[in-house]
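Contents: one structure, followed by commentary.
The values are calculated or read from the model by the stated rules, or taken from the named source; none is laboratory data. Note that the coordinates shown come from a computational prediction; the quantities given were computed from them, not determined experimentally. Because the Cβ atoms are built from the backbone with ideal geometry, glycine has one as well, and the counts that use them run over all protein chains shown.
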There are 2 protein chains.
Amino acid sequence: MPDLRPGLQHLYLRDEDLRLGIELLFYAYRDFTAEPDRMLEEIGFGRAHHRAIYFVGRYPGINVGELLAILRITKQSLSRVLGELVRKGYILQRQGTSDRRQRRLELTEQGAALERKLSENQRRRIAAAYRAAGPAAVEGFRRVMLGLIDERDRRKVAAEPAKAPPLATPRRA
Amino acid sequence: MPDLRPGLQHLYLRDEDLRLGIELLFYAYRDFTAEPDRMLEEIGFGRAHHRAIYFVGRYPGINVGELLAILRITKQSLSRVLGELVRKGYILQRQGTSDRRQRRLELTEQGAALERKLSENQRRRIAAAYRAAGPAAVEGFRRVMLGLIDERDRRKVAAEPAKAPPLATPRRA
DNA sequence: CCGAATATGTCAGTGTTGTTGACATATATG
DNA sequence: CATATATGTCAACAACACTGACATATTCGG
């Protein structure tokens with residue numbers, strides 16, 4: 001059922017255009033994760049460890065609830081992975097200062113090193129794709145990808161890290 | 001280690017640009033798969049079933065080896081999922097004509113209906129993102145995404161379905 | 001201050017999806 | 001005919017998700 005809301009832009013979208021979008025996401029994600037997965041396997045970790053390490057590195061001092069909101073998994077799932085990372089010395093937990101129920105997470109030096117190693121591969125792949133496609137394509141890529149993300153997360157993802165206040169918890173009713 | 005091959009395009013890539021690329025892929029894939037996953041759960045299937053149904057619908061008559069090459073999983077993993085789909089009447093297997101060792105796969109009417117239902121959600125999401133971003137952005141999106149895919153699969157993904165000879169012997173015109 | 005809500009953690013059980021390794025059958029091919 | 005290929009199957013295992021129940025510490029509102 002083609003969603004042809006006539007008030008909006010009319011961009012003629014063939015079924016093949018949409019199908020290609022689906023497949024691009026499948027193949028790109030498949031290949032984007034393959035190499036880090038292989039590295040992780042060598043040290044007995046999996047993709048879930050990578051995600052946790054990545055986002056703790058991205059938002060130092062993030063608390064557990066915020067990390068759960070990003071990953072969209074249950075606390076029991078995260079707990080297993082996070083516990084392992086803490087026990088093996090990749091992540092530190094410190095009690096929050098303003099709210100002492102919170103555990104603020106950060107990478108140890110070892111954790112930061114692993115994060116760099118894993119992400120380096122992905123950065124290289126992205127850099128190569130960006131260079132091959134050119135700056136205008138990169139801008140288009142961003143616009144489309146943002147449009148694929150749930151509306152409630154778009155702002156957060158698009159925000160520059162400097163501008164992004166580390167996810168401060170606006171506690172509401 | 002910034003991959004600054006000086007002979008290529010120089011597109012100034014900040015660390016944030018690459019980081020954003022990583023995150024766009026994570027968030028977009030997370031949200032792109034969430035709704036189909038919920039639907040699949042209701043009928044006792046998972047994402048792996050979706051993938052199999054999708055690609056069998058995409059390449060009617062595809063054989064097992066070709067499907068394995070796309071999914072990049074082991075035959076034992078595929079076998080479990082495929083067997084279930086066959087037993088429950090979503091996929092048909094027919095012996096190949098030119099090579100009778102092969103099992104050519106296709107969707108039953110029930111399988112095609114499920115495929116449409118699952119993909120409709122993803123098509124809608126892609127269509128919305130494409131419309132919001134505009135045609136130029138869509139072209140950029142494609143270029144970057146293709147660049148992220150392993151070189152050996154780029155041609156196949158980019159090929160129009162009409163132009164794409166269904167991977168092997170086009171038994172079905 | 002007290003009770004409710006919140007942030008986090010843990011135990012136990014379950015399901016999907018991936019893996020490896022070994023082995024079986026049918027068919028194709030040189 | 002011997003070997004390679006396409007597929008299937010059995011068994012064991014691991015990663016990572018889930019639900020449900022319960023525990024503890026802390027914050028917050030009335």
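Figures for the structure shown
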| read-out | value |
| --- | --- |
| So A:Ala168, is it farther than 30 Å from A:Arg38 by Cα, among the hydrophobic types (A, V, I, L, M, F, W, C) and either surrounded by fewer than 13 Cβ atoms within 10 Å (Cβ to Cβ) or at pLDDT below 95 (or both) | yes |
| Hits in the range B:105-139 (condition: among the small types (Gly, Ala, Ser) and assigned to a helix (DSSP H, G or I)) | B:Gly111, B:Ala112, B:Ala113, B:Ser119, B:Ala127, B:Ala128, B:Ala129, B:Ala132, B:Ala133, B:Ala136, B:Ala137 |
| Test: residue in the range A:68-83 that is part of a helix (DSSP H, G or I) and closer than 17 Å to B:Ile22 by Cβ | yes |
| Criterion violated by A:Gly83 - all others in (1) more than 11 Å from DNA strand C (Cβ to nearest atom); (2) farther than 10 Å from A:Leu105 by Cα satisfied | (1) |
| Residues (polar (S, T, N, Q) and assigned to a helix (DSSP H, G or I)) located in the range A:8-47 | A:Thr33 |
| Matching entry among A:Tyr59, A:Tyr54 (being touching a residue at least 60 places away in the same chain (Cβ under 8 Å), more than 15 Å from DNA strand C (Cβ to nearest atom) and within 14 Å of chain B (Cβ to nearest Cβ)) | A:Tyr54 |
| Check on A:Tyr29, out of contact with any Lys or Arg (no Cβ under 6 Å at 6 or more places or on another chain) and free of Cβ contacts under 8 Å to residues at least 12 places away in the same chain | yes |
| Odd one out for B:Glu66, checked against (1) without any contact (Cβ under 8 Å) to a residue 60 or more places away in the chain; (2) more than 14 Å from chain A (Cβ to nearest Cβ); (3) touching a Phe, Trp or Tyr at 6+ places or on another chain (Cβ under 8 Å) | (1) |
| Any chance A:Arg47 is within 14 Å of another protein chain (Cβ to nearest Cβ) and within 16 Å of DNA strand D (Cβ to nearest atom) | yes |
| Some residue of the range B:31-40 being closer than 23 Å to A:Ala129 by Cα, within 16 Å of DNA strand C (Cβ to nearest atom) and either within 14 Å of another protein chain (Cβ to nearest Cβ) or among the small types (Gly, Ala, Ser) (or both) | yes |
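Conditions (1) modelled with pLDDT of 95 or more; (2) under 30 Å from A:Arg123 (Cβ atoms), marked per residue:
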residue: B:Glu41; (1), (2): no, no
residue: B:Leu67; (1), (2): yes, no
residue: B:Arg72; (1), (2): yes, yes
residue: B:Gly96; (1), (2): no, no
